[in-house]
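Notes follow the structure.
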Amino acid sequence: MIDLPSDMDGVIKRWYPAGVDEIASGRAADPVGVFVHGSSGAGVSTVDAQLDLWSVDGVDRAPDIESAAVVLFVLDASAPIGRTTLAALEPVLESTATGVLVNKVDAHRGWRDVVRSVTDSIAEFVPRAVDIVVLPTSALLAEKARAVQDPLTRTAMVEESGIRDVLDFVESAATQHTEVLRRRKYDAAVRHAAAGARQEIVRKARAVTSASNTAALRAERARLTDIRDRTRAERTAALRTGLQLARAESVHDVSEAVREFASSARESIDIAGRAELRHLHPEMTARLDAVASAVDARLSDRLRAIDTDLELSVELSSVTGSPLAHPEPSIRRGGVEDKMMIVLGASAGVGLSRLAVSPLSVVPALEIAVIPLSLVLGAFCAWWLVGSRKLVADRAHLRTWVADASAAARSTLEQRVLARILTAESAYSAAARETSRVAARAADTELERVEAELRVVSENRASVLAACDRDLAALDRGVERFTAGGRAEPETPPMRLNQ
């Protein structure tokens, strides 16, 4: 027997340790006897019994396939051998002389096709079969032949049953030199160990090159790249949207607050008396300051919300509660209307007084009091008419001031709101750029870490594949030298993984 090449032996020890024991068992094998088995329902027990009955000296039995010198596999003649059965039988065919018995040929007319199919299948799928013969048999016919008394008929039935051919094959195969039988076991063990080592190498290479090893790292790299590229654009878009919304809502707040102030001021003016009207201007000024404070407070809330949402942490100078500049209402000066109202009031008062005291003139005793009373009543009527006209004029004058103050306050508040938003936009934009740069640097740091891990995995994969290639090459050289030292084997192209 040829010793196993050292490089091949090292590869088998590393990748398939069980193969070392198999090779040692094959080297020390002492094959003897026959082992009979087969597919279910093929008549294995009948064939086994007929071998003993028709053999002159009996047939030695082997306890298992590994220690057998000859293996008989019984197959039913109704169907050809299947791929699964053939795969299970392959190690036996490559290590031991095997007789495939196509049994029950007496019951199946197409047994010749089955024999031909079995022969072709073994030749195609088990090219390394060491000693194989396919024999048509009928164990039932051989059993019946023992009950026949006529020698010629019995001989004909035995020959037709094929049991003699089986016994001849068993005798021929079992009587071969022990070294030949052991060499077959040893060669098959070496080939099986080499195949097992090759399978483990390929499995390791596939596991290393599997995409699942780096799928998580590649997904993390894609996520970090997306975050780095999208963070600044999304933050800028969100800032622009938030500031535009704050601008629109704040301008609307200014308009609504000034409108409510003007409406409430007009109502207060309409119900105010002469004394209340003198103190109404400070109250209107306080209301306008409250409107300005409310608008500033709502704008501050909106800006803080933007800062919180974008995580900018910017401190803006607060102007909440800053008073507005209110022009004092001008002093209303009397005009021609006031002078005319005095004349008309005096005339109306004299006329009304004369009308009121006219009944007294019919009483001679009261006639002297008519003139003084008329004068008093006329003066009172004139005073009341002039005062009422002045109250109406003062209300109109204050309404005009309210309208002017409302317009001025609205303009001032809108200017203040837009200026604050513009200042906030400048500060927020700078903070957003800085935050985006910090986030991009953090993402780049994580990307470098992920890339480093991917490089480590790639280098490890390359080293493992290189080691696998070296071991496969050593295995191929060992198998080639082992084969060249013995009998010729079919050539197979060497496998390479790192190409």
Order the peptides 194-202, 427-435, 439-447 from the highest to the lowest mean number of other Cβ atoms within 10 Å of their residues. 194-202, 427-435, 439-447
Order these peptides, 233-245, 144-156, by their mean beta-carbon neighbour count within 10 angstrom, highest first. 233-245, 144-156
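Rg(Cα) of the range 122-201 divided by 2.2 N^0.38 Å?
1.64
Net charge within 13 Å of Ala207 by Cβ-Cβ distance, Lys/Arg positive one each and Asp/Glu negative one each, not counting Ala207 itself? Provide the component values of the computation, followed by the final result.
Values: positive: Arg203, Lys204, Arg206, Arg461; negative: Glu200.
Every neighbour counted, the sum reads +3.
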First measure r as the distance between the Cβ atoms of Ala88 and Ala452, then evaluate 1/(1 + (r/R0)^6) with R0 = 56 Å and state the FRET efficiency to the nearest 0.05. 0.70
Can you give the Kirkwood hydrodynamic radius of the range 1-159 from its Cα pairs, in Å with one decimal? 17.6
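Quick one: net charge of Thr308's neighbours, Cβ under 15 Å, K/R +1, D/E -1?
So the environment of Thr308 carries a net charge of -2.
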Order 450-458, 3-11 from most to least packed using the mean count of other Cβ atoms within 10 Å. 3-11, 450-458
Share of carbon and sulfur in the accessible heavy-atom surface of the range 31-95 [1.4 Å probe, %]: 54
Once Lys and Arg are counted +1 and Asp and Glu -1 for all other residues with Cβ under 14 Å from that of Glu256, the total becomes -1
At 7 Å along the Cα-to-beta-carbon direction for both Asp150 and Val376, put a label point, then send me their distance in nm to one decimal. 17.9
Quick check: at a probe of 1.4 Å, how many percent of the accessible area of the range 125-220 sits on carbon and sulfur atoms? 52
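The values are calculated or read from the model by the stated rules, or taken from the named source; none is laboratory data. None of the values given here were measured: they were computed from a predicted structure. Virtual Cβ from ideal backbone geometry, glycine too; neighbours counted across all protein chains shown. Heavy atoms of the whole protein, side chains included, go into the accessibility calculation; ligands, DNA and RNA do not. Shrake-Rupley method; radii C 1.70, N 1.55, O 1.52, S 1.80 Å.
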